[in-house]
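**Q** The structure under discussion is supplied below as structure tokens; questions concerning it will follow.
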Amino acid sequence: MSEMTMNEIEIDNNQLSAKDRAELEKAQPMWKMILTQFMDHKLAVAGAAIISIFMLVAIFAGTIQAVTGIDPDAQNVGNRYLAPMTTASVGLDVRETEIERFITDNPEAADVVQKALVEKGIVAVAEADAIYELGAQEISKALSDLKSLNIAETAGLVSIFNNFETFHLFGTDELGRDVFIRLVYGTRVSMGVGVLVAIASALIGLLIGSIAGFYGGMIDTFLMRVTDALLSLPHIPVLIVIAAIDLSKIPWLKAIISTSNESIFKMIIILCLFSWMSVARLVRGSILSIREREFVLAAKTLGAKDSTIIIRHMFPNVIAPMLVAITLGVGESILFEAALSFLGLGIMPPTPSWGNMLNNAQELIYQAPFLAVLPGLLIFLTTVSFNYLGDGLQDAIDPKAIRR
């Protein structure tokens, strides 16, 4: 049986062209092997796709707002708790305010439109009240009447009347704000906080872990005892205490903190302080095993500096666990941000985040369940996606797991 197999292989090998044989014998580059192995992890690929979608939504939040024409902070108290896929009209008071602004800013165009409305018999009131009377009608009929005038002066008014009616894909919240556009901007805040915290904590953990692992002795003991002390603290209660601190009272932070970004800045600082410890221990363990290897001893023998050995020889060997720690850290940071915002100590309204949207919806779970389900679902999808991405990266980058 083995002889037949060898013969078959010999025949197949003879049938291959020289080009095909050279392609098979050519060594694959490392990035291609990593990518191939990563693509075999279907859940990791799905997680990466979901994260990419959320990243694109966060980056192009302003563009999405421009396309939809909806302001995330625009309130319409008359249309609260609307169900998803609903079209709503603004109240008469809002219409009158917008029409008055148009007349004040464009008096000549307003006069032409008012005269045309009265002359064509579209409204039966004085010219001064013609546009107000039109604004009180149904939006579709008012737009049809305006377009029937066939004059250039109606262009600005048509744009204003178009904004009187909005489509709400995911409904509205307790203040009549559009849930979809707030989720879009909440994605920017939650993902931004999660990614920034994960990267910052990874860098801090890399620095502390590598110093502790490489030098050992008293330095290692001191740094690891500090790490253990911080790990032993109950995170949520400590985060709650620190979240209550007013950072604007600290002199050197006044220049970079404003009322609009204070809660976001504070959240990033708080989460960075308590997110680097696991990364530091992970890096320290890797450095401890690497520092006794032959290539490190050879570098020391050749007179390489400690910084050169750590940065050029040791750091590349801890990239795999570091990447996994970063991806898992993003999901954990988003969960912590959501937890603090849910408790009212995280990102402060009106800035939307998934956590404070959940906090606002907790009393309306029976009246408007979609307000809690949608941000909760996004938090769940993001956290699970980052976990699967970390798992896939661990399998793909681990040298022992790479199939050559």
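The values are calculated or read from the model by the stated rules, or taken from the named source; none is laboratory data. These figures come from a predicted structure and were not determined experimentally. In this analysis, Cβ positions are derived from the backbone assuming ideal geometry, glycine residues included, and neighbour counts consider all displayed protein chains.
**Q** Working only within region 47-94, note down all residues that are in a helix (DSSP H, G or I), modelled with pLDDT under 85 and not acidic (Asp, Glu).
**A** Within region 47-94, Val77, Gly78, Asn79, Leu92, Val94 meet the criteria.
**Q** On to the next question. So, in region 79-130, exactly how many residues are touching a residue at least 60 places away in the same chain (Cβ under 8 Å) and surrounded by 12 or more Cβ atoms within 10 Å (Cβ to Cβ)?
**A** The number of residues fulfilling the criteria is 13.
**Q** Pairs needed: first member in region 164-179, under 16 Å from Pro352 (Cα atoms); second member anywhere, basic (Lys, Arg) and not in a loop (DSSP other than H, G, I, E, B); C-beta distance under 9 Å; at least 6 residues apart or different chains.
**A** Matching pairs, first to second residue: Phe170/Arg182; Asp173/Arg182.
**Q** Given the conditions (1) among the aliphatic types (A, V, I, L, M); (2) surrounded by 15 or more Cβ atoms within 10 Å (Cβ to Cβ); (3) in contact with a Pro (Cβ under 8 Å, 6 or more places away or on another chain); (4) not assigned by TED's automatic domain parsing to the domain that holds Leu223, report the number of the one that Leu169 does not fulfil.
**A** (2)
**Q** Taking Leu345 as meeting all but one of (1) more than 23 Å from Tyr81 (Cβ to Cβ); (2) part of a helix (DSSP H, G or I); (3) in contact (Cβ under 8 Å) with a residue 24 or more places away in the chain; (4) among the aliphatic types (A, V, I, L, M), write down the number of the exception.
**A** (2)
**Q** Only one of (1) within 30 Å of Gly329 (Cα to Cα); (2) surrounded by fewer than 16 Cβ atoms within 10 Å (Cβ to Cβ); (3) among the β-branched types (Val, Ile, Thr) fails for Val57. Which number is that?
**A** Failed condition: (2).
**Q** Another one. I need the full set of residues from region 348-371 which are closer than 21 Å to Ile264 by Cα, assigned to a helix (DSSP H, G or I) and of a type outside the set (Gly, Ala, Ser), in order please.
**A** Within region 348-371, Trp354, Asn356, Met357, Leu358, Asn359, Asn360 qualify.
**Q** Which one of Ile319, Ile309 is hydrophobic (A, V, I, L, M, F, W, C), in the same structural domain as Leu393 (by TED's automatic domain parsing), assigned to a helix (DSSP H, G or I) and under 29 Å from the mean Cα position of the chain (by Cα)?
**A** Within the list Ile319, Ile309, the selection yields Ile319.
**Q** Which condition number in (1) surrounded by 15 or more Cβ atoms within 10 Å (Cβ to Cβ); (2) of a type outside the set (Phe, Trp, Tyr); (3) over 19 Å from Ala66 (Cα atoms) is the one that Ser140 fails?
**A** Evaluating Ser140 over (1) surrounded by 15 or more Cβ atoms within 10 Å (Cβ to Cβ); (2) of a type outside the set (Phe, Trp, Tyr); (3) over 19 Å from Ala66 (Cα atoms) leaves (1) as the failure.
**Q** Run down Phe222, Phe161 and say which single residue is free of Cβ contacts under 8 Å to residues at least 24 places away in the same chain and assigned to a helix (DSSP H, G or I).
**A** Phe222
**Q** Collect the residues in region 367-386 that are surrounded by 23 or more Cβ atoms within 10 Å (Cβ to Cβ) and over 15 Å from Ile50 (Cβ atoms), keeping them in residue-number order.
**A** Leu371, Pro375 - these are the residues of region 367-386 that are surrounded by 23 or more Cβ atoms within 10 Å (Cβ to Cβ) and over 15 Å from Ile50 (Cβ atoms).
**Q** Same structure, new question: Scan region 36-54 and report the pairs whose first residue is within 15 Å of Gly390 (Cβ to Cβ) and whose second residue is loosely packed, with under 15 Cβ neighbours inside 10 Å and at pLDDT 85 or above, with Cβ atoms within less than 7 Å and a gap of 6+ or a chain change.
**A** Here the result reads Val45/Met39, each pair linking region 36-54 to a residue that is loosely packed, with under 15 Cβ neighbours inside 10 Å and at pLDDT 85 or above.
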